[in-house]
1. Return the residues of the stretch 122-131 that are part of a strand (DSSP E or B) and small (Gly, Ala, Ser); say none if nothing qualifies.
2. Does at least one position in the stretch 61-76 carry a residue that is closer than 13 Å to Gln170 by Cβ, more than 15 Å from the ligand (Cβ to nearest atom) and not in a strand (DSSP E or B)?
3. Residue under question is Glu69, and the condition is that it be acidic (Asp, Glu) and under 23 Å from Asp243 (Cα atoms); does it hold?
4. Exactly one condition in (1) outside any helix (DSSP H, G or I); (2) without any contact (Cβ under 8 Å) to a residue 60 or more places away in the chain is not met by Tyr92; state its number.
5. Could you check, for the stretch 102-121, whether at least one of its residues is on the phi > 0 side of the Ramachandran plot and either touching a Phe, Trp or Tyr at 6+ places or on another chain (Cβ under 9 Å) or part of a strand (DSSP E or B) (or both)?
6. Within the stretch 102-136, how many residues are surrounded by fewer than 16 Cβ atoms within 10 Å (Cβ to Cβ), more than 16 Å from the ligand (Cβ to nearest atom) and without any contact (Cβ under 8 Å) to a residue 40 or more places away in the chain?
7. When both residues are 6+ apart or on different chains and their Cβ atoms are under 9 Å apart, which pairs have a first residue that lies in the stretch 190-202 and is closer than 15 Å to Val43 by Cα and outside any loop (DSSP other than H, G, I, E, B), and a second that is among the basic types (Lys, Arg) and within 15 Å of the ligand (Cβ to nearest atom)?
Amino acid sequence: SRRLKVSAAQLGPIHRADSRKSVVARLVEMLKEADSRGSKFVVFPELALTTFFPRWWMEDQAEVDKYFEAQMPSPETLPLFELARSKGIGFYLGYAELTEEEGKTRRFNTSILVGPDGRTVGKYRKVHLPGHAEHRPASPYQHLEKKYFEVGDLGFNVWKMFKDDIIVGQCICNDRRWPETFRVMGLKGAEMVVLGYNTPTDNVYAPKEPPYLRVFHHNLSIQAAAYQNGIWVVATAKAGKEDGFWLHGGTAIVAPTGEIVAKSNTEEDEVVSYDCDMELGEYIRNTTFNFAKHRRPEHYKLIVER
Ligand code: CDT
């Protein structure tokens, strides 16, 4: 049957002072661990090369741009690409992308899918940017994704990857809370959707919300998405306290049944692995969620009108 051994490579905290070189060395170590377990696909977190910098108010654009990548692979990330290619492992990597397009500088919260031959097969730019653009000095931390990034312009796509042409989609963090994210990729035939996240333990919008509820909503979102589309979901955290600011863990691999089949139990660098059988999604996509037979899009029009 068509199977894919995947690893979610959870990162512990990355502090502001940590160098790219030291972070890439950690990613390399986890890729080696995934390889020793026979994994062919490694999913790293959102903004996996730096601290979660949108928590900091910065006015100097040059300071902000230090967190961005103007090329990928860059000299610092090349060792990861080279190791993955030598092992025949594909990966997902989240990073802040700085690009010049038609004479304009643009900045996105981006992820890429790299095939086992080392070539980048797909790029995604985060669509659902949470947080705010204005400075909130009274808040203990900021969530400035709306200031530092543009809304992604590439949509939700899927790509055929690996020897069995497994159809893989990707998204980033807050996207996982939106059912439309997964439904669009499901309609494009996704069998697996992978994503990375940085989720503060405190909800900036609801300071009284307890941390357990944050993790519950994370699990609820990815488990429902997996079941309702008959897909595997791999969700990888950057976790722990970055310069004292806490991001929750909860890295998980979810089966198309909606069950969590593997998960992290630390908030440190940790590799979580599972051998995913693509057939498991088929019965769901052929029965309860047979889109062609049972969907009624004529009654869903409001969703795209508002
Ligand atoms: N990185 C990211 O998208 N984090 C958000 C936090 C939302 S609270 C402003 C998330 O949905 O996990």
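Every number in this text was worked out from the coordinates using simple rules, so none of it is lab data. Treat the numbers as computed from the prediction; the structure is a model and nothing was measured. Neighbour counts run over all protein chains shown; Cβ positions are idealised from the backbone, glycine included.
1. First, the residues of the stretch 122-131 that are part of a strand (DSSP E or B): 122-125.
Answer for the stretch 122-131, where residues must be part of a strand (DSSP E or B) and small (Gly, Ala, Ser): just Gly122.
2. Quick first cut of the stretch 61-76, residues closer than 13 Å to Gln170 by Cβ only: none.
Within the stretch 61-76 (the criterion being closer than 13 Å to Gln170 by Cβ, more than 15 Å from the ligand (Cβ to nearest atom) and not in a strand (DSSP E or B)), the answer is no, since none of the residues qualifies.
3. Working: acidic (Asp, Glu): yes; under 23 Å from Asp243 (Cα atoms): yes.
Yes; evaluated as a whole, the condition is true for this residue.
4. Condition (2) is where Tyr92 drops out.
5. Quick first cut of the stretch 102-121, residues on the phi > 0 side of the Ramachandran plot only: 102-103, 118.
Filter once more, so that each one left must be either touching a Phe, Trp or Tyr at 6+ places or on another chain (Cβ under 9 Å) or part of a strand (DSSP E or B) (or both): 118.
Checked the stretch 102-121: at least one residue is on the phi > 0 side of the Ramachandran plot and either touching a Phe, Trp or Tyr at 6+ places or on another chain (Cβ under 9 Å) or part of a strand (DSSP E or B) (or both).
6. Quick first cut of the stretch 102-136, residues surrounded by fewer than 16 Cβ atoms within 10 Å (Cβ to Cβ) only: 102-106, 117, 119-121, 133-136.
Subset that is more than 16 Å from the ligand (Cβ to nearest atom): 102-106, 117, 119-121.
In the following step, the residues that additionally are without any contact (Cβ under 8 Å) to a residue 40 or more places away in the chain were identified as 102-105, 117, 119.
Result for the stretch 102-136: 6.
7. Listed pairs, sorted by first residue: Val193/Arg176; Leu195/Arg176; Gly196/Lys238; Tyr197/Arg176; Tyr197/Lys238.
This table checks each residue for (1) over 20 Å from Ala252 (Cα atoms); (2) aliphatic (A, V, I, L, M); (3) touching an Asp or Glu at 6+ places or on another chain (Cβ under 9 Å).
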{"position": "Val23", "(1), (2), (3)": "yes, yes, yes"}
{"position": "Arg26", "(1), (2), (3)": "no, no, yes"}
{"position": "Phe44", "(1), (2), (3)": "no, no, no"}
{"position": "Thr51", "(1), (2), (3)": "yes, no, yes"}
{"position": "Ala62", "(1), (2), (3)": "yes, yes, no"}
{"position": "Glu76", "(1), (2), (3)": "yes, no, yes"}
{"position": "Pro79", "(1), (2), (3)": "yes, no, no"}
{"position": "Phe91", "(1), (2), (3)": "no, no, no"}
{"position": "Ala96", "(1), (2), (3)": "yes, yes, yes"}
